[in-house]
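Student: Below is the structure I would like to discuss, written out as structure tokens.
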Amino acid sequence: MNTSTSLTRIALQKFKKNIWGVFSFSFLILCVFIAIFAYVLAPDNSKNANQMHLSIHSKEPGFKVLMLTIPGEQRSNSSFSDYFFGRESVSNEIPISGYSIQENNIQITEYTSDGLEGLQKEYSLSLFPKASSIEDVSTHYISDKKFILGTDKYGRDLLSRMLIGIRISLAIGFIAVFISLVIGITMGAIAGYFGGKVDAVIMWIINVTWSIPTLLLVIAITLALGKGFWQVFIAVGLTMWVEVARVVRGQVMGVKQMQYVTAARALGYTDFRIITKHILPNAMAPVIIISAANFAGAILIESGLSFLGIGAQPPMPSWGGIIKDHYAYIILG
């Protein structure tokens, strides 16, 4: 126990001396924190940050506008799930360039980006439950809204969609790597431990799968399963297991020759126990390294799929989808 603790302490001390390792780990923790509390941090906490304002589309970072909020149907108090999955938008937000108060009505001028005067509309005080007087409307329902990173072509807040899009990238990384580990470790351990015809069959499957370009295989699986969020997880996970399997197979073939494995066989332990308790724990170091590489690769593949339109489907935000929506700016500047 003391040896294990001391080895752990030594590993942590070496890790702390690696500046880039600490920086990368800190950045990953920050991204995980943002992903968990995205709807708390995002200015637009509607589901998928999908509050549209077509009159203020494609605005520059730091854009400000007056926003009139007309409440919809009354909802019960915010539930716990609203903080993690967003809330359905029941209010209507209207960008305005000005307003005036007249008797029991408020008159607004809608915002236009072409320099012309917008439409003028009147709304009754009865539409605003928290307003006991006309002055309360301007206090509770009119705000100066700032879009820190600007808006997209539908007038949605880009900062909110980027924050929520972190969830897609991290989720695809963790889940796809988990799927690849489950399949890869299982296949690699069986091939390396038993050898012979079992090894030959599994290696044939690995080589055939590996001969197909990863992105093309992911696209084929995605088209077969259908477009969607969960389909991407499965598609990416099913294409990344071959590298894990080859590494695990090689490690198992080396470790199974060790004396403690021979002793375990002599004691009558089952093959399952020998593999899981004695071989795999001593063969996981390279697997951890390749999993870190696959994590980054899975994020890039998902972004590419979303860019091609076969990843996460609108209105769900993803970084690849955001790049696709603004591809013209990359080309034309």
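The values are calculated or read from the model by the stated rules, or taken from the named source; none is laboratory data. Predicted model, so just to flag it, every value in this text is computed and none were measured. All Cβ positions, glycine included, derive from the backbone under ideal geometry; neighbour counts span all protein chains shown.
Student: Could you list all residues from the range 132-168 that are out of contact with any Phe, Trp or Tyr (no Cβ under 7 Å at 6 or more places or on another chain) and in a loop (DSSP other than H, G, I, E, B)?
Tutor: Scanning the range 132-168 gives SER132, SER133, ILE148, LEU149, ASP152, LYS153, TYR154, GLY155, ARG156.
Student: Could you give every pair whose Cβ atoms fall below 6 Å, whose first residue belongs to the range 28-56 and is over 17 Å from SER81 (Cβ atoms) and surrounded by 14 or more Cβ atoms within 10 Å (Cβ to Cβ), and whose second residue is of a type in the set (Lys, Arg) and modelled with pLDDT of 90 or more, counting only separations of at least 6 or pairs across chains?
Tutor: From residues that are over 17 Å from SER81 (Cβ atoms) and surrounded by 14 or more Cβ atoms within 10 Å (Cβ to Cβ), the pairs are MET52/ARG156.
Student: So how many residues does the range 34-62 have that are outside any loop (DSSP other than H, G, I, E, B) and closer than 21 Å to LEU119 by Cα?
Tutor: Looking only at the range 34-62, we keep the residues that are outside any loop (DSSP other than H, G, I, E, B), and these are 34-36, 38-41, 46-49, 54-56.
Still in the list and also closer than 21 Å to LEU119 by Cα: 54-56.
The total comes to 3.
Student: Can you confirm whether the range 230-237 contains a residue that is closer than 18 Å to ALA189 by Cβ and without any contact (Cβ under 8 Å) to a residue 12 or more places away in the chain?
Tutor: no
Student: Take the residues in the range 298-333 that are over 17 Å from MET162 (Cβ atoms) and not in a helix (DSSP H, G or I); name whichever of them is farthest from the chain's Cα centre (by Cα).
Tutor: GLY333
Student: Taking TYR123 as meeting all but one of (1) within 25 Å of GLU60 (Cα to Cα); (2) surrounded by 15 or more Cβ atoms within 10 Å (Cβ to Cβ); (3) not aliphatic (A, V, I, L, M), write down the number of the exception.
Tutor: All conditions pass for TYR123, except number (1).
Student: Something else: Does the range 127-140 contain at least one residue that is touching a residue at least 60 places away in the same chain (Cβ under 8 Å) and out of contact with any Cys (no Cβ under 9 Å at 6 or more places or on another chain)?
Tutor: Our first condition is that a residue be touching a residue at least 60 places away in the same chain (Cβ under 8 Å); within the range 127-140, this holds for none.
No, because not a single residue in the range 127-140 is touching a residue at least 60 places away in the same chain (Cβ under 8 Å) and out of contact with any Cys (no Cβ under 9 Å at 6 or more places or on another chain).
Student: On to the next question. Is it the case that SER24 is over 30 Å from ASP136 (Cα atoms), among the polar types (S, T, N, Q) and surrounded by 13 or more Cβ atoms within 10 Å (Cβ to Cβ)? Even if it seems obvious, please write down each step before you answer.
Tutor: On the way: over 30 Å from ASP136 (Cα atoms): yes; among the polar types (S, T, N, Q): yes; surrounded by 13 or more Cβ atoms within 10 Å (Cβ to Cβ): no.
When the stated conditions are applied, SER24 does not pass them.
Student: Can you name every residue in the range 141-164 that is buried (at least 19 other Cβ atoms within 10 Å of the Cβ) and either at pLDDT below 90 or aromatic (Phe, Trp, Tyr) (or both)?
Tutor: TYR141, PHE147
Student: I've got another one for you. Please enumerate the residues belonging to the range 41-51 that are among the hydrophobic types (A, V, I, L, M, F, W, C) and modelled with pLDDT of 90 or more.
Tutor: To start, the set of residues in the range 41-51 that are among the hydrophobic types (A, V, I, L, M, F, W, C) comprises 41-42, 49.
If the condition is that a residue be among the hydrophobic types (A, V, I, L, M, F, W, C) and modelled with pLDDT of 90 or more, then LEU41, ALA42 are the ones that fit.
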